[in-house]
Structures are given as C-alpha cells and as structure tokens.
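What follows is a short report on a single structure.
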Amino acid sequence: MANTDRLSEREIEVAEVLLQGKSNKQIALALGISVHTVEYHLKNIYQKLGVSSSKEAILVLGKTPGWRTRGKLGESAVAGGRGIGDNGDGSALPGPGTLAGAGEMQQKKPAKFFGKYTILIAFGLVLLGGLVYMLTRPAPWQSYARECEYPDDATVGQMIWRQNASGSKVHGQFGTTADAPYPPQAGYVIYKGISLPQVDQLYLKLSYSKYSPTAVPILVYVDNEPEPRASIFPVDQQSWDQFTWTEPISLGGIAGGVHMLKLSTAGQEYGVADLDKLILTKQ
C-alpha cells in the first residue's frame, strides 16, 4: 500500500511537478536542483509508494486524494521550509520555497551594493548633473550689435556709402537735409526688435563720423519712454570717413524682453553725425 504520509517536503514538490508530466530535467529546472538530485528523490518516492516507475507513481498519486496535505514524517530539517537544508542525499540544497528564497537573495545584493557605495553614487550623480547643465545651459548674454544703416523707422537721414564704415554704409546726414546747403532738420531714427535679458546696468556704444563742430546732442530713448536715458555729444573727426566709438554710455537697468531704441536730434547745419554701428552690452 502506498505510504504517501512519509513523503518529505522536497519529495512532495518533486511529485507535484512529476504529475505535470515533466521529465527529470524539466523537474530539475523547475525546482532549481540538479538532475542527480531529482533522480535521488524519485527513487525514494517510488520506494515509499511501492512502485518502480514514474507512470506507476503518477497512477498511485492520482488515486490518493489529499496526499499533499498529509503529515510529512520524512520532511527535511529546514526550519519553516526556508533556507538551506539537507535533501537526504548529503547535498546542501535550497529547501521548500527555493525560488522565492533565491529571489530575495538577488534583491538583497543590489540593495547591499547601493548601501555600500551610496556616497560615491551620489557624488557621481551630482557630477553628471553638473556636466549636463554645463553642456545644455544657454550661453550668458554679452551684447547686442546692429548696423545703423538699417533702421526700422526714420524721419531724417538716409543710407550713404562711406569709406571705413562698418559694412561700408551709414545712416548719414542725421540732423540735416540731403541737399546743399545742408540746413538743420530735426528727426529721429528707430531700431526695433532688440531682444535683451534683464540687465541691472545697460550700456550703449555708438560708432559714428562727424565733420563739423557739435551744436546739439543725440538723445537716446528706450521704448516709448517720455524722457531720454542718455545724451551723446559727437566729437568732430574732421572727416565723414573717419569713425570713432563713444565711451560706454549708461542707459540704466532694463527688464528682459523685446525693446526699441530711438536716437533723436534737434538737427544742425551739415548734420549731427553719420551713424555707423551700435552695441548694447552689460559690461
């Protein structure tokens, strides 16, 4: 008579997989043990069931209801079915719940690794973040430059070719008419679409030429402000082809956004200046 009460915990596991029609190799893979160990347990199972083959064992187990829950007089000495136990063949193998136990050990390995190298990992992440920031951040704003011969709006002056000018052209006859004897003519020139960041102190530099004594200044307006931010007194260069830069002229602070710059003149005989190039900078 089959003595299923004497099947050990491991033998019950082997028998359960055997009932699925698995081969010895498949049973070994399913339980994470060697084929040799499977054969050892099957030999014990056949002996306890009084059979000599896997087919006979399957028939006996199929006719014996409740055999999985009966007392296990021959169970392995693994406490609570966990850890490493002796399977009866002298080999130290995982006890019941082997797959779960292996998973727990695999989960502990990365946790132990991260715990040991937490500081190094954190330091590496900080360095990586800094490198990404340095490579992707926009370049800090330095300056805005524009040729003066291409204004967006003007009521006095015109584009003239001048030797030694930046780009060979200027907005000339600024403050006078285009015809002799070149009397004074008031007016302005406007440059739009100037994109600027917020700047606590904005400076203007202007390249110009002049061939007459200064009678009136050039007033500098930002956007539609009613009062000028600065005034420029061009210096006589003794030639309309001789250009010079002003010293940096403070325009004060400005909010970030798109702005407009207006240069205005009351006009004077022969013109106030030929406007060559302007640069806005925070330095």
Fill in the blank from the handout: Quick note on L251, L135, L275, ordering by fewest other C-beta atoms within 10 Å, gives L135, L251, L275
Practice task
Please list the radius of gyration and Dmax for segment 147-214, considering alpha-carbon atoms only, with Å as the unit.
Solution key: 14.0, 45
Completion exercise
Reduced to Cα centres, the span from segment 212-227 to segment 157-180 in Å works out to 18
Practice task
Would you please give the FRET efficiency between D179 and D236, computed as 1/(1 + (r/R0)^6) with r the Cβ-Cβ distance and R0 = 22 Å, to the nearest 0.05?
Solution key: 0.50
Problem - Rg to Rh quotient for segment 143-281, alpha carbon positions, Kirkwood Rh - result: 0.95
Completion exercise
Here P(r) for segment 1-59, Cα-Cα distances in 5 Å bins, as whole percents, is 4, 21, 35, 26, 11, 2, 0
Exercise for the section: Enumerate the calculated ³J(HN,Hα) couplings along segment 260-276 in order (Karplus 6.51 cos²θ - 1.76 cosθ + 1.60, θ = phi - 60°), each rounded to whole Hz, writing x wherever the residue is Gly or Pro. Expected result: 10, 10, 10, 10, 10, 9, 7, x, 7, 4, 6, x, 7, 5, 9, 8, 9
Completion exercise
Counting only residues 5 or more apart in sequence or on a different chain, those whose built amide H sits under 5 Å from that of Y211 are Q237
Practice task
Give the peptides 8-21, 231-244 in descending order of average Cβ contacts within 10 Å, highest first.
Solution key: 8-21, 231-244
Problem - segment 143-281, relative contact order in percent, only Cα pairs under 8 angstrom and at least six apart counted - result: 39
Fill in the blank from the handout: The set of residues whose placed amide H lies less than 5 Å from the amide H of A273, leaving out same-chain residues fewer than 5 positions away, is F174
Exercise for the section: Give me the number: length gained by fully extending V216 to L135, i.e. 0.36 nm times residue separation minus the C-alpha to C-alpha distance, one decimal in nm. Expected result: 24.2 nm
Problem - Environment charge at T244 (Cβ cut-off 14 Å; Lys +1, Arg +1, Asp -1, Glu -1) - result: -1
Practice task
Would you grab the residues whose amide H sits under 5 Å from the one on R162? Only those 5+ places off in sequence or on another chain, please, with H modelled 1.01 Å from N.
Solution key: K169, V170
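The numbers here are math on the coordinates, done by the rules we state, and not lab data. Here the structure is a predicted model, which means the values were calculated and not measured. Here Cβ is always computed from backbone atoms with ideal geometry, including for glycine, and neighbour counts include all displayed protein chains.
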